[in-house]
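The structure under discussion appears below in the form of structure tokens.
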Amino acid sequence: LKSVMVVEFSLISSPSKSVTFSYSSTFDPLNQTHNPEIICTGGGGVEIDVEFTFNSKVSTSSMHVYEGVLLSRDDRNRSIYITICTQQSNETLQTITLSSSSIQLISTLASSIDFGPDPIDQMTVTLEAINRFDEAITKRNVLFQEHVHAWKKLWTSGIDIEPLENHPFVLPKIIMDTDKNHENDTVITTFSRSLDIAQHINSSMYYLLSSSRDDWPYGISPGGLASQSYSGAIFFDMDWYMMPALLPFYPSHAANILRFRYNSLEESNNIAKIFGYNGSMFAWTASYFGRPQGCCDGKGGWENCIEQHITGDVAVAVQMYYYATKDKLWLQNIGWPLLRDIARFWSSRITKTNNITYSIDGIMPVDEWCDNTQSKCGDVGVNNAIQTNAVAVVSLIFATEVGNMFGFDVDPEWIQTAKKLKINFNSTTQTHIQWDNAVAPSSPHTYVCPEDVLYLTYPMNFNVTPEIIRNDAETFIPITCQENAGMTAPIHSIVWLQLNETLKAEGEFNRSLQACTYGEFHVRNEVDIHEDIIGGHGFNTHFLTGDGGFIQAVMMGYAGLRYDDKSLLFNPLPGIITPATKSIRLRNILIQRTYPFDYTIDESAVHFICSNLYENILCITDNDNNQWKITSNELSLKFQDIQLPIRIDLCN
């Protein structure tokens with residue numbers, strides 16, 4: 001049930017027949033501190049709060065109704081209403097017995113957003129919240145079972161880690177006589193490395209699934225639903241870190257992530273017009289329907305609209321999604337409008353320095369420490385930032401391809417711009433250059449942060465060869481900031497695996513696994529705040545970006561999964577899997593959103609299986625054009641008998 005929260009107390013065991021306890025709720029919507037919106041060109045306030053009132057007319061003794069309105073109007077000049085129905089009061093005394101059923105406290109929420117872009121009144125929103133409350137109350141005896149069933153359905157897909165036989169999840173207990181009185185008084189239980197990896201995989205996937213739905217197209221902030229971090233703003237983290245982690249298993253969730261970008265087109269077109277550009281210019285920090293969070297006046301960096309690689313990042317995400325699903329109807333109706341408006345933006349954004357080379361000037365690059373002194377270039381930007389220009393080229397080429405595919409009007413200037421746009425590259429050292437006149441850092445305390453050139457290798461596979469990948473990795477990984485392990489380490493692990501540098505890959509994998517993860521539930525922070533790490537800016541919890549990156553390090557790194565214009569493919573490094581692991585299984589991968597199969601990799605082979613319902617539909621083809629069908633009997637292919645990569649697609 002969407003927008004329903006339940007707190008439940010039950011007594012499992014007790015020496016007495018009953019337990020009385022008190023609790024207090026911090027939920028107090030009538031006493032909030034409001035931060036007034038700061039109006040500036042491009043719209044968007046620093047903080048937009050909700051002012052609540054208590055509706056005594058519809059409230060009852062068991063249901064308190066709070067009605068709220070945003071202190072500012074939205075992009076369509078309409079008021080946004082929110083209603084919360086809750087059983088919770090500020091302080092309550094409860095008694096629970098072993099024989100009684102559990103105590104449930106139910107809350108529901110509804111808002112104008114539930115009803116789409118058209119204006120809606122407060123009472124309509126309130127009635128929706130009350131209806132959700134009544135439904136939850138009616139089903140209260142089965143709410144938990146339904147919740148478990150819904151999660152069980154989601155968990156039909158996922159990643160399984162099988163530990164080595166001599167290194168099981170839980171190692172044999174150690175029993176000790178610590179006080180030397182000839183009586184065993186201490187039991188030590190040791191958990192293995194493989195269990196640690198498995199728990200991190202499942203917790204990371206859980207957090208991504210907890211913050212996304214296939215019926216809620218409003219994007220995912222790095223802080224997710226469970227924290228106030230990042231003020232709910234949405235970055236390219238969603239498109240490049242979270243979406244690819246969900247895509248093979250949950251394409252409907254991935255589609256909804258891109259639906260948010262599609263729904264942001266109107267606002268993104270408005271932003272472009274403000275700055276004198278055509279098409280869509282996506283906000284670096286986007287909120288409701290793509291509205292920029294923070295002032296967007298063209299002066300300033302991170303939140304202030306010159307970190308424009310985000311617009312090309314969206315196009316790359318559209319390409320990823322289409323390559324994974326081959327959904328032409330989606331591409332025509334959702335993908336094409338995005339690609340068209342993004343291509344129009346880049347076509348208007350370039351500077352034609354001469355007829356041979358075009359430039360993109362005044363850009364905040366993805367490396368936010370862009371001249372190796374944190375934030376110094378935030379006001380003026382740099383010219384021809386490598387990752388920005390690369391995503392612009394991909395945007396223009398893919399928009400041209402898709403437009404021609406459907407017979408839409410395609411501006412011939414797009415492909416010409418893509419061909420002439422400057423890609424900074426040192427032909428002598430065979431290494432990419434971050435931007436015009438970029439120089440190597442002069443001291444060990446200057447960094448690339450969070451990432452930059454290595455994105456050309458993964459996820460883009462843009463303008464690289466094995467030699468260039470190695471040169472870029474050996475040049476830029478050593479000078480990448482140590483603090484932001486959640487974003488950088490997964491990329492580095494994948495890149496080192498491509499280069500058969502297994503020890504370096506494992507080192508980065510370990511950083512992704514542990515450096516920014518805290519507590520029993522493996523909650524991620526953006527930065528490593530350990531004392532020996534330079535940099536860092538406090539505790540931002542949660543950080544779903546790191547969760548998505550870690551999943552990709554396992555799935556795209558060690559398991560070798562990729563998508564290209566032809567199909568899904570696997571190109572793992574034979575004999576190399578995650579540490580202390582016997583096998584990795586990717587469970588219920590979907591081909592073209594419809595056809596599921598399992599893929600398992602161990603040190604000597606890859607294995608494939610599907611259910612009876614989908615037998616002989618999917619075929620495997622290796623690089624020597626040998627072919628096998630996936631059936632309900634597990635197919636095992638030893639690395640020595642196949643030529644990688646192997647592709648999975650519908651049989652002819």
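The values are calculated or read from the model by the stated rules, or taken from the named source; none is laboratory data. As the structure is a computational prediction, the values presented were derived from the model and not from experiment. Every residue, glycine as well, gets a Cβ built from its backbone with ideal geometry; the counts of neighbours run over all protein chains shown. Calculation scope for accessible area: heavy atoms of the full protein, side chains included, ligands and nucleic acids excluded. Shrake-Rupley method; radii C 1.70, N 1.55, O 1.52, S 1.80 Å.
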Note to self: Please go through region 469-521 and give me each residue that is assigned to a helix (DSSP H, G or I), farther than 15 Å from Ile201 by Cα, open to solvent by less than 20 Å² (accessible area, probe 1.4 Å) and not hydrophobic (A, V, I, L, M, F, W, C), ordered by number.
What the structure shows: Asp472, Thr488, His492, Ser493
Check: Here are some residues: Ser636, Ser583, Ser611. Which one is among the hydroxyl-bearing types (Ser, Thr, Tyr), touching a His at 6+ places or on another chain (Cβ under 7 Å) and outside the structural domain of Leu499 (by the TED database)?
Finding: Ser636
Check: Only one of Glu51, Glu67, Glu8 is open to solvent by less than 40 Å² (accessible area, probe 1.4 Å), assigned by the TED database to the domain that holds Ile96 and at pLDDT 75 or above; which?
Finding: Glu67
Next item on the list: Keeping to region 469-478, report how many residues are in contact with a Ser or Thr (Cβ under 7 Å, 6 or more places away or on another chain) and either closer than 12 Å to Tyr447 by Cα or without any contact (Cβ under 8 Å) to a residue 40 or more places away in the chain (or both).
Entry: 2
Note to self: Looking only at strands (runs of 3 or more DSSP E) that lie completely in region 549-652, which have at least 2 residues being under 27 Å from the mean Cα position of the chain (by Cα)?
What the structure shows: 561-563, 568-570, 581-591, 595-602, 646-650
Next item on the list: Search region 357-379 for residues that are under 24 Å from Val393 (Cα atoms) and pair each with any residue that is small (Gly, Ala, Ser) and modelled with pLDDT of 65 or more when their beta-carbon atoms are under 6 Å apart and the residues are at least 6 apart or on different chains.
Entry: Gly362/Gly381; Ile363/Gly381; Ile363/Ala385; Met364/Gly381; Pro365/Ala385
Next item on the list: Name the residue, out of Pro441, Pro450, that is outside any strand (DSSP E or B), under 26 Å from the mean Cα position of the chain (by Cα) and either at pLDDT 95 or above or assigned by the TED database to the domain that holds Asn354 (or both).
Entry: Pro450
Notebook entry, point to check: Does region 385-430 hold any residues that are among the small types (Gly, Ala, Ser), under 21 Å from Leu454 (Cα atoms) and part of a helix (DSSP H, G or I), and which are they?
Noted result: Ala390, Ala392, Ser395, Ala418
Item checked: Flag for Gln332 being in a helix (DSSP H, G or I), open to solvent by less than 10 Å² (accessible area, probe 1.4 Å), assigned by the TED database to the domain that holds Asp452 and at pLDDT 95 or above -> no
Item checked: Ile342 being assigned to a helix (DSSP H, G or I), open to solvent by 10 Å² or more (accessible area, probe 1.4 Å) and modelled with pLDDT of 95 or more -> no
Checklist line | Residue list for region 550-568, restricted to those being under 14 Å from Tyr599 (Cα atoms) and open to solvent by 20 Å² or more (accessible area, probe 1.4 Å) | finding: Arg562
Next item on the list: Hey, can you tell me all the residues within region 401-420 that are buried (at least 20 other Cβ atoms within 10 Å of the Cβ) and touching a residue at least 40 places away in the same chain (Cβ under 8 Å)?
Entry: Val402, Trp414, Thr417
Note to self: Need the failing condition index for Glu91 against (1) open to solvent by less than 80 Å² (accessible area, probe 1.4 Å); (2) at pLDDT below 90, just the number.
What the structure shows: (1)
